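Asker: Following this message is one structure expressed as structure tokens.
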Amino acid sequence: MEGDISEEDESKGGMWALEQKIDQPMDEEAGRLKNMYREKTFSAVLLLRLAFQSLGVVYGDLGTSPLYVFYNTFPKGVDDTEDIIGALSLIIYSLTLIPLIKYVFIVCRANDNGQGGTFALYSLLCRHAKVNTIPNQHKTDEELTTYSRSTIHEKSFAAKTKRWLEGNALKKNSLLLLVLVGTCMAIGDGILTPAISVLSASGGIKIDHPGMSTDVVIVVAVIILLGLFSLQHYGPSKVGWLFAPIVLLWFLLIGGIGMLNIWKYDSGVLRAFSPIYIFRYFKRRGIDGWTSLGGIMLSITGTEALFADLAHFPLSAIQLAFTVVVFPCLLLAYCGQAAYLMKNKDHVHDAFYRSIPDGIYWPMFVIATLAAIVASQATISATFSIIKQANALGCFPRVKVIHTSSKFLGQIYIPDINWILMVLCIIVTAGFKNQSQIGNAYGTAVVIVMLVTTFIMILIMLLVWRCHWILVFIFAALSLVVELTYFSAVIFKVDQGGWVPLVIAAVFLAIMYIWHYGTVKRYEFEMHSRISMAWILGLGPSLGLVRVPGVGLVYTELASGVPHIFSHFITNLPAIHSVVVFVCVKYLPVYTVPEDERFLVKRIGPKNFHMFRCVARYGYKDLHKKDDQFEKKLFENLFMFVRLESMMEGGSDSDEYSVYGESQRSKEFLLPDTNHNTFSSVVDLTVSSGDNSIMPVRSPVYAVNTGMSSGQVSSHTEVDETEFLTGCRDAGVVHIMGNTVVRARRDSPFYKKLCIDYVYAFLRKICREHSVIFNVPHESLLNVGQVFYV
């Protein structure tokens, strides 16, 4: 029976048991709300409209690949025209196996309530297995509407996999490291995509002016990049209405030009649909054919961006756009370029622009440049989203996030990251000066991200979908054979530009892992150093201090227990506020937490202590901007809790709200209360912004045997606590925040001192403070400092 105290608990002593009852986690405050994600059904007209709009957001990167694929596949020129057929066959089957089959029809189904990307997959795993390295989750979080997960049979293969994955911290850290590697490589895409796309598009100038210096093309590309990054603060919503028409026109033109070139030059290229030419290609070219896969790999770049941008549109619209427009137009474009090269193999370095009919060359150049900008914009926006998700999951320092659209919360701008991307992108463009080396770097980043997705998808298929192991094996085998083949090819080009994403990823990985390590250690410190409720109760209602009018909001990472900073505060100051609220802001492995389920409120200890706990929960898509309404929402939920609590007490005589039972009445505990007043714990209630989601929950009440009955206790609760809280709020609200400084121990190794004392300390110094995020006035802020050694 819920609320009963086991013999084991009882043996630990009455004070321990009382503490568990007074300040237990909010099991019941969370309510019982479930609403598994289901994709909405759309009318045919609306679906076509959404599919059209998805072209500009999702497929810009994948669509601009024809600009540079053949050049990077044959950087030294074409020796035999049969090699063109073999390369075309590789492109055709790469597009079919990876973007079409693997991503559009398999990986995209593994969305987290419509959200895509590496962190979305990781959040799914965190909900189905205890693999989160920050153990701040509780079963109350599972009652969220958006916390959808399936049950696993204990004897199933999925259950065995789950137990293996949860077995030790090494496996959890390895999974996190795998996710971070994929994330860092995706950030590398945000640097390399604008560089190669804009540089390839700008290269079209030289076709009409063969004597033009390469430096001029570089300058034009850098100017375009400067303009692109400088306009990011406006957000894509200002010009987003142009994206879809530009990309649709781009696909129709490259598809139409491809058809024209097939008819005009050599329709025999269509024999590349036979996979036998792949075998002949490798047999004829040998090691050169193997290394050329790094160029072929570029034909499927943008596939990960397709998955990352899944949140903007329903899956059915993205599938429709790819199968009807993107896939056929890309196949026609590559076949058309191959047909042109069959007759003009010396033009392989600029095959795309050379294959364009003279009459539409300059209009096509303008559209290609615009398409490259759209592709770059999509990748930059995806990078902002990745940083935001990493921030929410404690894997990246807090940075300033600006929402550029009031309608679409996914459209954000991160100034610091934007300028870092711009500088690195310009360095890459001006430093390499050619598409080949940038292409090698790009291919390395893309294939590593795909490998990471494959490994995580294996776990998703086992734990979330609960597929039969044979189906999982088939998926893993096909994916890994293709991707490891590409990976083995790009490894040969590490010294030819492939080192760039590795260096970029290493820097971001170091930052993210060190930050996450520091975050975990700070959380563990708070967990281990929290003070017991017995100690608080022993101080009496005054907490051993003078209770002055006002409300003290004590911010903590703990969802249960009293943080150490509170004891540090009350032992160093002579007074404390009349009302104390412990505020815990935590991020959950869900894409969003509905507004009416965001806040949980409960009372801590007896009523005359005037202590409460408020837990504010956010998803990784909810990483809020500067919240001007946070304090207001908090007090609204606090007042709602007090009113409902009073209503529940008023109905305590009825059977429905009776909280006493024979087993409860027999368990009485003596508290070290010098005033010898009887008190009781109150009924816990769910409190949220929406009235419909408030669900009263019954909880046992324990009375103290000090000569008074529990009925007499209720007679002392006539004071309107709402007026008391209002008066305290009007007297002033103080935000008390802990400023924990993490230091390495003196006997720590050098590398640990470097990471903690310098790198982590620097990141803490430059990151955004919680007081700024919650819009805390400087005059109402009180920082409580403490030093923690790891």
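Asker: Cut-off 14 Å, label point 7 angstrom out along Cα-to-Cβ of L46: give me the residues of the range 305-325 whose amide nitrogen falls inside.
Answerer: 313-317
Asker: How would you order 564-573, 193-202, 370-379, 509-518 from highest to lowest mean count of nearby Cβ atoms within 10 Å?
Answerer: So the order, starting with the most tightly packed, is 193-202, 370-379, 509-518, 564-573.
Asker: Something else: Using packing as a proxy for protection, rank 586-594, 95-103, 777-785, 262-270 so that the peptide with the highest average count of other Cβ atoms within 10 Å comes first. Before the final figure, lay out the partial values.
Answerer: Working: 586-594: 22.3, 95-103: 20.2, 777-785: 12.0, 262-270: 16.6.
So the order, starting with the most tightly packed, is 586-594, 95-103, 262-270, 777-785.
Asker: V551: net charge of surrounding residues, Cβ under 10 Å, Lys/Arg +1, Asp/Glu -1, itself excluded?
Answerer: So the environment of V551 carries a net charge of -1.
Asker: Where the centroid of each part is defined by its Cα atoms, how far is the range 355-398 from the range 40-99 in Å?
Answerer: Comparing the Cα centres of the range 355-398 and the range 40-99, I get a distance of 15 Å.
Asker: Next question, about the same structure. Just subtract the alpha-carbon distance of D730 and E595 from 0.36 nm times their residue separation and send over the number in nm, one decimal.
Answerer: 46.0 nm
Asker: Filter the cross-link list K172/K602; K102/K493; K388/K586; K586/K633 down to pairs whose alpha-carbon distance in this structure exceeds 21 Å.
Answerer: K172/K602; K102/K493
Asker: Taking the DSSP beta bridges in the range 544-652 as the whole, what percent of them are antiparallel, to the nearest 5?
Answerer: Roughly 25 percent of the DSSP beta bridges within the range 544-652 come out antiparallel.
Asker: Using the alpha-carbon centroid of each, what span in Å lies between the range 494-509 and the range 511-586?
Answerer: Measuring centre to centre over Cα atoms gives 43 Å.
Asker: At what distance in nm do the modelled label points of F750 and D416 sit from each other, each positioned 7 Å from its Cα along Cα→Cβ?
Answerer: Here the modelled spin labels are 2.9 nm apart.
Asker: Still on this structure, please answer the following. If amide H atoms are built 1.01 Å from N in the plane of the peptide, which residues on other chains or at least 5 residues away come under 5 Å of the amide H of I576?
Answerer: For I576, whose amide H was placed from the backbone, the distant partners under 5 Å are V546, R547, V548.
Asker: Provide the FRET efficiency to the nearest 0.05 for the L252-K765 pair, computing r from the beta carbons and using R0 = 51 Å. The partial results should precede the final answer.
Answerer: On the way: r = 52 Å, r/R0 = 1.01.
It comes to 0.50.
Asker: Same structure, new question: Given a Förster distance of 45 angstrom, what is the FRET efficiency for T81 paired with L480, based on the Cβ-Cβ distance and rounded to 0.05?
Answerer: The formula returns an efficiency of 0.85 here.
Asker: Using the reciprocal of the averaged 1/r over all distinct C-alpha pairs, how large is the Kirkwood radius of the range 286-344 in Å?
Answerer: When all Cα pairs of the range 286-344 are included, the Kirkwood radius is 13.8 Å.
Asker: Here's another thing I want to ask about it. Order of 395-404, 480-489 by packing, highest average Cβ count within 10 Å first?
Answerer: Packing order, densest peptide first, comes out as 395-404, 480-489.
Asker: Report in % the part of the accessible area of the range 225-368 that belongs to carbon and sulfur, leaving out ligands and nucleic acids; probe 1.4 Å.
Answerer: After summing per-atom areas, the C and S share lands at 67 percent.
Asker: Tell me, what ³J(HN,Hα) does each residue in the range 365-373 have, in order and in whole Hz, if you take phi through Karplus 6.51 cos²θ - 1.76 cosθ + 1.60 with θ = phi - 60° and put x for Gly and Pro?
Answerer: 4, 5, 5, 5, 5, 5, 5, 5, 5
Asker: Provide the solvent-accessible area of I427, counting protein heavy atoms only and rolling a 1.4 Å probe, rounded to the nearest 10 Å².
Answerer: Taking all protein chains as shown, I427 has close to 100 Å².
Asker: Top to bottom by accessible area (1.4 Å), largest first, where do E723, E769 land?
Answerer: Details: E723 130, E769 95 Å².
Highest to lowest solvent-accessible surface, that is E723, E769.
Asker: Sticking with this structure for a sec: How many nm is it between the label spots at V423 and F279, if each spot is 7 Å from the Cα in line with the beta carbon?
Answerer: The two pseudo-label positions are separated by 5.4 nm.
The values are calculated or read from the model by the stated rules, or taken from the named source; none is laboratory data. Predicted model, so just to flag it, every value in this text is computed and none were measured. Glycine also receives a Cβ, built like all others from the backbone with ideal geometry; neighbour counts cover every protein chain displayed. These accessible areas exclude ligands, DNA and RNA; they are computed on the full protein's heavy atoms, side chains included. Shrake-Rupley method; radii C 1.70, N 1.55, O 1.52, S 1.80 Å.
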